[in-house]
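Remarks on the structure that follows.
The values are calculated or read from the model by the stated rules, or taken from the named source; none is laboratory data. From a predicted model like this one, the values you see are computed outputs, not experimental measurements. Positions of Cβ are generated from backbone atoms using ideal geometry, with glycine treated the same way; all protein chains shown enter the neighbour counts. Heavy atoms of the whole protein, side chains included, go into the accessibility calculation; ligands, DNA and RNA do not. Shrake-Rupley method; radii C 1.70, N 1.55, O 1.52, S 1.80 Å.
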Amino acid sequence: MFGYINPDSPYLFIKDETLYKAIYCGMCKSIGKGCGNFPKTALTYDMAFMSALMHNICGCDVKIEKRRCFLHIFRRRNMAEPDDISILLGCVNTALAYYKLLDDKADGDKKGLFAFMYKRGFKRALKRHPQVAEIIKSQMEEQRELEKADCAVIDAACEPTAQMMKSLSRYVLGDNSTEHTDALMYDIGKWVYLADALDDYDRDVKKGRYNVLRNAYGCRTKEQSVKENGEEINFIFNSLFADMRLRLANIKFYFNHDLTDNIILRGIPLKTRRLVCGKCGEGKKKENEQT
């Protein structure tokens, strides 16, 4: 994952913030149990969100205990106990990190040199869930082919990441998967890809790397691209947000879903505004809420 999926913290209930932090700590522990200790360094809040969402849709409650860990040896923290879902997601996180670093290495990015450090954890993930590795590998290969072809069609460039998220959710959810969960995860995958393209726009141009938004709009900077094509960019994101709301309304949740609603309905749009407009996006948000 890329680390873009976060809650809108000021609007998060205390109970949900407590749950969110406990699930995050629990994911760290789950990665350690399934893949070893070093892959814990690749954990992002994206996977804490995925854990909260998948547990709720599957009707599997998380068990929270106060425990110490390597980073917090003096004070016990709320921590979700590892279970089949969280360990599976830990394998997903490790495989994603490993393949992302291999991709970086192929692009000539220095970060790719660290791929070997995750290889042992990846092998453990592969042994537990070979299907996960196959899904990620096949979709990333499709992504690389599109990049080699210098694809300038935004929807086409987003497709491998969107399909990867849909396929991974199907594997995690099993019989609990529906057309609406498929569509929600497809939307989230597409959003993640576009968010990453926006975030890396100027760096990609500077280093001569592929960026679908650069190819589609032909602008040398993100600022110029947003200024000249802001209406179309907003339309793409607003269409995704509308479909996410529709899918959420048709998914059966077994427990309270204030946490995941906050992330999807508030956190993702907020992150988008920050990526598109910078800090001024937050100001626009406050003005809209006051009117």
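Each of Arg203 and Arg75 was given a label point 7 Å from its Cα along the Cα-to-Cβ line. The distance between the two points is 3.1 nm. Put Glu141, Glu179, Glu147 in order of accessible area, highest first, and with a 1.4 Å probe you get Glu179, Glu141, Glu147.
Calculated over segment 20-163, the projected area of the Cα convex hull averaged across directions stands at 9.4 nm².
Give, as ranges by residue number, the residues of segment 51-88 whose backbone N falls under 17 Å from the point 7 Å along Cα→Cβ of Lys21. Once the point is set 7 Å along Cα→Cβ of Lys21, 64-81 turn out to lie under 17 Å by backbone N, inside segment 51-88. Highest mobility in the GNM of the chain, judged by mean-square fluctuation with C-alpha springs under 10 Å and restricted to Ala48, Ala195, Ala115, is found for Ala115. Here the gap between Ala152 and Lys137, fully extended at 0.36 nm per residue and compared with their Cα-Cα distance, gives a gain of 3.1 nm.
The GNM of the chain, with springs linking C-alpha atoms under 10 angstrom apart, assigns the highest mean-square fluctuation among Phe253, Phe235, Phe49 to Phe235.
Select from Asp199, Asp107, Asp175 the residue whose mean-square fluctuation is largest in a Gaussian network model of the chain (Cα-Cα springs shorter than 10 Å). Of Asp199, Asp107, Asp175, the most mobile in the Gaussian network model is Asp175. Within the assembled protein chains, the solvent-accessible surface assigned to Met244 is about 0 Å², based on a 1.4 Å probe. Evaluated at q = 0.15, 0.18, 0.20 Å⁻¹, the base-10 log of the normalised Debye intensity for segment 66-114, with identical point scatterers placed on the Cα atoms, takes the values -0.63, -0.73, -0.76. So which of Lys15/Lys166; Lys123/Lys271; Lys148/Lys190; Lys40/Lys252; Lys105/Lys137 end up more than 23 Å apart by C-alpha? Long pairs (Cα-Cα over 23 Å): Lys15/Lys166; Lys123/Lys271; Lys40/Lys252. Computed from the alpha carbon atoms alone, the convex hull of segment 173-274 holds 110 Å³ per residue. Normalised by 2.2 N^0.38 Å, where N counts its residues, the alpha-carbon radius of gyration of segment 125-201 equals 1.15.
Taking label points 7 Å from Cα along the Cα-to-Cβ direction, Leu265 and Asn215 give a separation of 3.7 nm. Probing with 1.4 Å while keeping every protein chain in the model, the per residue accessible area of the chain equals 52 Å². One quarter of the surface of the convex hull around the alpha-carbon atoms of segment 1-88 equals 5.9 nm², the direction-averaged projected area.
A simple count of charges around Ala162, restricted to other residues whose Cβ falls under 12 Å of its Cβ and scoring Lys, Arg +1 and Asp, Glu -1, yields -4.
Put a dot 7 Å past the Cα of Arg144, heading toward its Cβ, do the same for Glu228, and the two dots end up 3.2 nm apart.
Taken over the Cα atoms of segment 98-241, the convex hull encloses 104 Å³ per residue.
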